[in-house]
Amino acid sequence: MSTNSALDPLRNSVWRSLLTVHTRLLDLIAEKLTQADLPPLEWYDVLLTLKEAPDYCLRLSELAEKVLLSRSNLTRLVDRLEKADFLYRKSCPSDRRGTYAVLSEAGLEMQKKMWVVYAEGISEYFASHISDDEARTLQQICDRLLSNSAQLNIKPKN
């Protein structure tokens, strides 16, 4: 295993803190959704991704690339969302093997209900604890890291 001399103790500690805070804050927000008797956070990610897509519709392969959570179990997640009537599958007319996921009206309404609780969680656990200057700095850092990862043509795996 090669070591990278650029990974000093400070940056290693920041990396661990970033991973830890990410996990803890998502867990807190997921708990808020549970307490509000709403579906899991993973469902929100799929519903939002479809809401932002043209005609509320994406090929399953595109959906898998765009979701931020639970990518590894997307097919089972889509099955559960379909069973709850939050989306439906539609065959691709130009490719008989291709399938689209399409957001339903019920799915759009659920995304809106979930967003209210999710936004409260973001505000309570994250936004209220950082200043405007810190938010701008964090945005610049995240933008740079995302840009660098895109230049390396790295596709996240789950």
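We did not get these values from a lab; they are worked out from the coordinates using the rules stated. Predicted, not measured: the structure shown is a model, and the values here were computed from it. All Cβ positions, even for glycine, are placed from backbone atoms using ideal geometry, and neighbour counts span all protein chains on display.
Taken over the chain, the convex hull of the Cα atoms encloses 164 Å³ per residue. 3J(HN,Hα) couplings calculated from phi for the range 21-35 with the Karplus curve 6.51 cos²θ - 1.76 cosθ + 1.60 (θ = phi - 60°) are, in sequence order, 5, 4, 5, 5, 5, 5, 4, 5, 5, 4, 5, 4, 5, 4, 5 Hz; Gly and Pro show x. Taking every C-alpha pair closer than 8 Å and separated by at least 6 residues, the mean separation divided by the residue count of the chain gives a relative contact order of 23 percent. Computed extension length for Glu109-Leu145: 9.6 nm, one decimal, from 0.36 nm per residue of separation with the Cα-Cα distance subtracted.
Taken one residue at a time, the phi angles of the range 106-122 give Karplus couplings (6.51, -1.76, 1.60, θ = phi - 60°) of 4, x, 5, 5, 5, 4, 5, 5, 5, 4, 4, 6, 4, 4, 4, x, 4 Hz. Gly and Pro are set to x. Rounded to the nearest 500, the helix-only mean residue ellipticity at 222 nm of the chain stands at -20500 deg cm²/dmol, with each DSSP H run of n ≥ 4 adding -39,500 (n - 2.57). Counting only Cβ charges, +1 for Lys and Arg and -1 for Asp and Glu, the dipole size of the chain around its Cα centre is about 700 debye.
Compared with the alpha-carbon gap, the fully stretched path from Asp79 to Leu7 is longer by 21.7 nm at 0.36 nm per residue.
Arranged by the count of other C-beta atoms within 10 angstrom, fewest first, what order do Thr99, Thr137 take?
Thr137, Thr99
Backbone amide hydrogens, once placed in the peptide plane, bring Val67 within less than 5 Å of nothing, excluding anything fewer than 5 places away on its chain.
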